[in-house]
Amino acid sequence: MPGFVVVGSQWGDEGKGKIVDLLTERVDIVARYGGGPNAGHTICVGDRRFALHHIPSGILRADVLCVIGNGVVIDPASLLKEVGALREAGVKVEENLRLSDRAHLILPYHRGIDIAREEAARDGRLGTTRLGVGPTYESKAARYGLRVADLYDEATVLEKVRVVAAASRPAGAALPAELDAPPEEVAEEYVRLGRALRPFVDDTARLLNARLDEGAVVLCEGAQGTMLDLDHGTYPYVTSSTSTAGGACTGLGISPIRVDGVIGVLKAYSTRVGGGPFPTEQDNDLGRLIRERGREYGSTTGRPRRCGWFDALVARYSVTLNQTESLALTLFDVLDGFDAIPICVAYEHGGRRIETLPADPGVLRGCKPIYEVLPGWKSDTSSVARFEDLPRAGRDYVAAIEKIVGCEVGIISTSPQRERTILRPKSRIAHWLPPR
Ligand code: IMP
């Protein structure tokens with residue numbers, strides 16, 4: 001009954017989509033456990049590209065079941081758009097996609113309040129994706145949220161929508177007019193969307209547990225990253241769900257004893273979108289060069305990502321919290337052209353050396369990185385297939401990360417293409433998920 005979790009080790013956008021896509025041919029089920037349409041990855045079918053926000057990339061494989069778990073918040077119109085585009089391209093979505101009947105729904109009012117708050121906050125903005133994700137989790141915790149299952153008790157939908165509409169009034173701020181339709185209209189629309197979603201809806205926790213009992217291999221896919229986790233991230237500059245590995249259990253309804261291993265996805269440098277402290281940020285030409293080489297623009301919002309050097313404190317923190325046993329080091333080729341590559345090994349704050357992440361965002365903002373500088377490899381790694389064939393300085397960079405973070409690097413991704421990936425044959429990932 002093997003279950004494995006794939007988790008982001010930094011601030012999201014580590015390239016989890018590519019790693020999950022690569023590993024799907026070795027599993028039976030891919031199950032997404034948190035976040036909502038704020039996440040995103042692009043997949044290619046022939047020469048067509050699809051931006052997916054809810055659906056795991058495993059959907060392209062005819063023999064892999066994709067599950068959207070109870071921990072995910074759904075924008076039904078946007079989910080149906082993804083389904084429609086895939087259907088049009090001939091992908092068999094009906095048979096291979098299951099949506100939890102317990103997942104919460106984003107209503108237009110949630111998006112409206114997300115936008116209104118961000119506009120009102122000006123300089124204090126969190127820089128959310130403005131898709132209503134945070135307010136929907138708030139409704140969930142406040143226990144008046146609308147769930148997928150509610151759409152099939154049509155007589156009560158309007159009353160529930162009214163409650164959300166009434167609760168979504170920020171003091172002194174109006175919602176954008178296009179997101180403030182009368183509850184009657186919204187209820188009618190959501191009942192219609194519910195009917196269209198019906199073929200996918202299931203008790204996914206029961207389904208997953210039954211399939212695990214039969215011996216199915218399940219890959220639990222996290223959204224965002226450890227530093228955006230509601231509890232463990234750089235609060236309050238975080239998302240509103242549990243993006244760490246523990247979220248796989250609550251967000252899918254599986255017990256911790258079902259999880260046999262955790263794979264952390266880690267960029268060879270650092271990025272973040274939105275506000276919040278980011279000690280190794282390079283708000284300069286170097287940062288701009290990383291952004292251009294890594295095409296570091298948000299896949300959901302198109303925003304330029306803030307870029308900086310690798311932060312070993314963040315990576316270590318993430319490995320500890322998630323008990324990551326193998327890392328996938330991504331976007332390695334982005335560093336191909338640099339003469340020297342700094343790794344942040346500690347912070348300096350108020351004359352003191354700090355080796356663990358402080359909880360206070362004010363302290364973190366004042367931390368100055370202490371770097372160890374490694375030589376660059378200055379050669380193209382994008383077609384290297386074996387670890388042994390990486391340039392010496394490239395192998396040393398990987399070894400330095402393994403040493404300072406205390407975890408093996410099982411995968412090195414040197415290009416966006418699936419086949420351009422080094423999977424080290426002796427790694428835990430190769431052992432856990434052998435080819436079929
Ligand atoms: P929210 O999740 O839209 O509420 O945004 C809260 C914070 O999380 C903002 O800083 C966003 O930029 C960030 N965020 C949310 N989803 C992602 C993601 O998939 N990648 C990177 N950052 C994200």
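The values are calculated or read from the model by the stated rules, or taken from the named source; none is laboratory data. These figures come from a predicted structure and were not determined experimentally. Every residue, glycine among them, receives a Cβ derived from its backbone with ideal geometry; neighbour counts consider all protein chains shown. Note: areas computed on protein heavy atoms with side chains; ligands, DNA, RNA excluded. Shrake-Rupley method; radii C 1.70, N 1.55, O 1.52, S 1.80 Å.
Relative contact order of the range 32-73, taken over Cα pairs closer than 8 Å and 6 or more residues apart, is 49 percent.
Given R0 = 41 Å, the distance between the Cβ atoms of Arg61 and Val163 translates into a calculated FRET efficiency of 0.50. Cross-link partners of Lys368 among lysines, defined as those whose alpha carbon lies under 23 angstrom from its own and excluding same-chain residues fewer than eight positions apart: Lys267, Lys403.
For the listed residue pairs Lys92/Lys160; Lys92/Lys426; Lys16/Lys160; Lys16/Lys426; Lys18/Lys140, the alpha carbons are over 26 angstrom apart in Lys92/Lys160; Lys92/Lys426; Lys16/Lys160; Lys18/Lys140. Computed over the chain with a Gaussian network model linking Cα atoms closer than 10 Å, the most mobile of Gly35, Gly337, Gly69 is Gly337. Net length available on complete extension from Glu185 to Lys378 is 63.6 nm, with 0.36 nm assigned per residue and the Cα-Cα distance removed. Of all DSSP beta bridges confined to the chain, the antiparallel ones make up roughly 40%. Each Cα pair under 8 Å and six or more residues apart adds its sequence gap; the mean of these over the residue count of the range 69-185 is a relative contact order of 28 percent. When only Cα pairs below 8 angstrom with a gap of at least 6 residues are kept, the chain shows a relative contact order of 20 percent. Rolling a 1.4 Å probe over the protein heavy atoms gives the range 104-199 an accessible area of 51 Å² per residue. Taking 0.890 mPa s as the viscosity and 25 °C as the temperature, the Stokes-Einstein diffusion coefficient of the chain based on its alpha-carbon Kirkwood radius rounds to 110 µm²/s. For the range 104-199, build the charge dipole from Cβ charges (+1 Lys, Arg; -1 Asp, Glu) around the Cα centre, then report which of Gly132, Val161, Tyr109 sits farthest towards its positive end. Ranked along the dipole, the leading option is Gly132. A simple packing score, the average count of other Cβ atoms within 10 Å per residue, orders the peptides 26-32, 202-208 as 26-32, 202-208, with the highest score first.
Under 1.5 on a/c is rounded, so check that first for the range 344-436, then, if it is not, pick prolate when a/b is larger than b/c and oblate when it is not; a ≥ b ≥ c are the square roots of the alpha carbon gyration tensor eigenvalues. Verdict is prolate for the range 344-436.
Using a probe radius of 1.4 angstrom, the carbon and sulfur fraction of the accessible surface of the range 104-199 is 52%. A simple packing score, the average count of other Cβ atoms within 10 Å per residue, orders the peptides 266-275, 352-361 as 266-275, 352-361, with the highest score first. Among Ala430, Val405, Ser379, which residue has its Cα positioned farthest towards the positive end of the charge dipole of the range 286-436, with +1 placed on the Cβ of Lys and Arg, -1 on the Cβ of Asp and Glu, and the dipole taken about the Cα centre? The listed residue farthest towards the positive side: Ala430.
Using the average count of surrounding beta-carbon atoms within 10 Å as a protection proxy, the listed peptides 55-62, 222-229, 144-151, 97-104 rank, highest first, as 222-229, 97-104, 55-62, 144-151.
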